[in-house]
1. Is there a residue being touching a residue at least 40 places away in the same chain (Cβ under 8 Å), in contact with a Cys (Cβ under 6 Å, 6 or more places away or on another chain) and assigned to a helix (DSSP H, G or I) anywhere in the stretch 251-271?
2. Can you confirm whether GLU39 is surrounded by fewer than 19 Cβ atoms within 10 Å (Cβ to Cβ) and out of contact with any helix residue (DSSP H, G or I) (no Cβ under 9 Å at 6 or more places or on another chain)?
3. Name the single residue, out of those in the stretch 247-256 being under 21 Å from LEU38 (Cβ atoms) and not aliphatic (A, V, I, L, M), that is surrounded by the most Cβ atoms within 10 Å (Cβ to Cβ).
4. So which residues in the stretch 127-149 are closer than 14 Å to ILE75 by Cα and of a type in the set (A, V, I, L, M)?
5. So, LEU219, is that one touching a Phe, Trp or Tyr at 6+ places or on another chain (Cβ under 7 Å) and in contact (Cβ under 8 Å) with a residue 12 or more places away in the chain or not?
6. Please pick out the residue among LYS19, LYS86 that is of a type outside the set (Val, Ile, Thr) and at pLDDT below 95.
7. What do you reckon, is PRO226 at pLDDT 95 or above and over 26 Å from GLY8 (Cβ atoms)?
8. Looking at LEU159, LEU91, can you tell me which residue is closer than 20 Å to GLY228 by Cβ and not acidic (Asp, Glu)?
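The values are calculated or read from the model by the stated rules, or taken from the named source; none is laboratory data. Please read all numbers here as calculations on a predicted model, not as lab measurements. Every residue, glycine as well, gets a Cβ built from its backbone with ideal geometry; the counts of neighbours run over all protein chains shown.
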Amino acid sequence: MSLSFRFGTVGSPSNTPKKPGGSVGAILFSREIGLDALELGWVQSVRVSIETCAAIKETAAAQDVGISVHAPYFINLNANAEEWPKSRQRLMDAAHYGNLAGATDIIFHPGSYFEQPAAEVLKIAIPRLQECVDELRAAGNPVNLRPETMGKSAMLGSLEDTLEMSRQIPGVLPCLDFAHLHARPGDGTVNSYDEWSARLEAYGKALGEAALARLHIHLSGIEYGPKGEKNHLPVAESDLDLEGLFRALHAFKAGGRILCESPIMETDALFMRDTWRKISSQ
């Protein structure tokens with residue numbers, strides 16, 4: 001049965017064998033256990049050779065495993081003038097080497113409001129992101145840049161923020177972290193079929209119905225408090241209504257990739273795949 005979503009992990013699966021190891025080993029192991037996507041976790045820095053990128057790309061193509069990259073955490077579209085060039089370089093390095101490794105999408109945390117209104121922050125963030133996309137396209141790099149929806153209300157990265165960036169800049173699309181969207185209000189809301197449906201409807205209205213067929217999703221259980229996200233949890237240890245979310249995705253004819261960020265990475269990724277298979281066949 002062909003599924004409308006690919007499933008995988010953010011970072012190498014926990015039980016990836018030591019040989020051949022690395023990202024190539026993670027791709028081979030993912031395919032062996034029934035996963036068909038992998039997000040390379042370059043979250044501290046981008047330290048990878050051109051040769052390694054070529055090996056990743058070749059292996060992923062041979063195994064039909066979709067590749068994306070999680071860029072370093074230390075990126076902030078709202079950084080001050082002194083810090084922004086460093087943030088920008090981290091994002092551009094992830095995009096450059098990610099493209100060489102066969103990645104189609106570069107996921108990044110968009111930064112902080114620094115207690116400024118979202119509308120004012122976006123006036124800074126959007127032109128900066130546009131310049132990044134312009135430079136990538138000038139270099140012949142086709143990757144999508146995907147700002148992630150963030151789990152704390154103090155962080156740039158509400159659904160509305162990511163949709164506005166994407167609406168204004170071709171080549172920018174959200175990374176929908178549904179656990180973060182659930183945690184962000186801090187009160188247990190955004191966790192029902194109707195609430196998920198409302199957000200998918202907003203996505204389709206902002207970016208077009210066709211965009212719903214190529215979603216990039218991060219997913220896990222999550223612990224949260226009044227200020228939002230605390231940490232990721234296994235799905236079974238959280239209150240996330242996975243079936244309600246998947247029923248909403250199915251109703252909107254959604255597709256793309258679902259990457260698991262649970263502490264029990266591939267176990268929950270396979271559980272998500274099997275749950276999606278059950279719901280999408282109904």
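1. Taking every residue of the stretch 251-271 in turn, at least one turns out to be touching a residue at least 40 places away in the same chain (Cβ under 8 Å), in contact with a Cys (Cβ under 6 Å, 6 or more places away or on another chain) and assigned to a helix (DSSP H, G or I).
2. Values: surrounded by fewer than 19 Cβ atoms within 10 Å (Cβ to Cβ): no; out of contact with any helix residue (DSSP H, G or I) (no Cβ under 9 Å at 6 or more places or on another chain): yes.
Criteria not met by GLU39.
3. Of all residues in the stretch 247-256, those under 21 Å from LEU38 (Cβ atoms) come to 249, 254-256.
Right, trim to not aliphatic (A, V, I, L, M) and you get 255-256.
Working: GLY255: 16, GLY256: 20.
Once the filter is applied, the top-ranked residue is GLY256.
4. LEU129, LEU145
5. Details: touching a Phe, Trp or Tyr at 6+ places or on another chain (Cβ under 7 Å): yes; in contact (Cβ under 8 Å) with a residue 12 or more places away in the chain: yes.
Yes: the conditions hold for LEU219.
6. Numbers: LYS86 fails: at pLDDT below 95.
Just one listed residue meets the conditions, LYS19.
7. Numbers: at pLDDT 95 or above: yes; over 26 Å from GLY8 (Cβ atoms): yes.
It is true that PRO226 is at pLDDT 95 or above and over 26 Å from GLY8 (Cβ atoms).
8. Working: LEU91 fails: closer than 20 Å to GLY228 by Cβ.
Within the list LEU159, LEU91, the selection yields LEU159.
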